[in-house]
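Since the structure comes first, as structure tokens, the remarks are kept for the end.
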Amino acid sequence: MDHHEEKSHGVRITARNPRAAIEIDGSRWDPGSLSGYTISHHEGEPPHVVLHVENDDAAEFEGLARVAVAGPVAVEPTAAEFLAAIDPEELEPAVLARPDLGKGPYSLTKAMLTQLGEWAHGA
């Protein structure tokens, strides 16, 4: 069995409102190439730092560290943007035609929420 021993390295993050300075073993990362960072820590393991870069080609690091570099994250539309884009003239007939539309209290609201959820997932 091949055992690989991980070595922890010094990480220093100084966050000042919207910007952060990040150093790993004294080497500073260019703040212009980073869009953010995530720190996780599970009991019995060393902390894990993930640096999120603006552009995969801009990432540069010299030295050893347990660091993961994540590419740009695709941002999904917010709920407000999604709901603002809903056409009521399209929603109402779609909901009224649903085979699961009940006749009890709140059944119309439940059917609308189900329809919106399906549209949100691309169905």
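The values are calculated or read from the model by the stated rules, or taken from the named source; none is laboratory data. Nothing here was measured: the structure is a model prediction, and the numbers come from that model. No Cβ is skipped: glycine too gets one built from the backbone with ideal geometry, and neighbour counts run over all protein chains shown. Ligands, DNA and RNA are stripped out before the accessible areas are found, and what is left, the full protein with its side chains, is counted by its heavy atoms. Shrake-Rupley method; radii C 1.70, N 1.55, O 1.52, S 1.80 Å.
Considered as a group, the residues in segment 99-123 that are farther than 17 Å from residue 82 by Cα and within 33 Å of the chain's Cα centre (by Cα) include one that is surrounded by the fewest Cβ atoms within 10 Å (Cβ to Cβ), and that residue is 109. Within segment 89-98, being over 12 Å from residue 119 (Cβ atoms) and open to solvent by 90 Å² or more (accessible area, probe 1.4 Å) holds for 89, 92, 96.
No other residue among 59, 74 is modelled with pLDDT under 80 and open to solvent by 70 Å² or more (accessible area, probe 1.4 Å) apart from 74.
Among the residues of segment 43-51, some residue qualifies, meaning at least one is at pLDDT 70 or above, at negative phi and touching a His at 6+ places or on another chain (Cβ under 9 Å).
Specify the residue that is least open to solvent (accessible area, probe 1.4 Å); the eligible residues are those in segment 1-24 that are charged (D, E, K, R) and at pLDDT 80 or above. The residue in question is 23.
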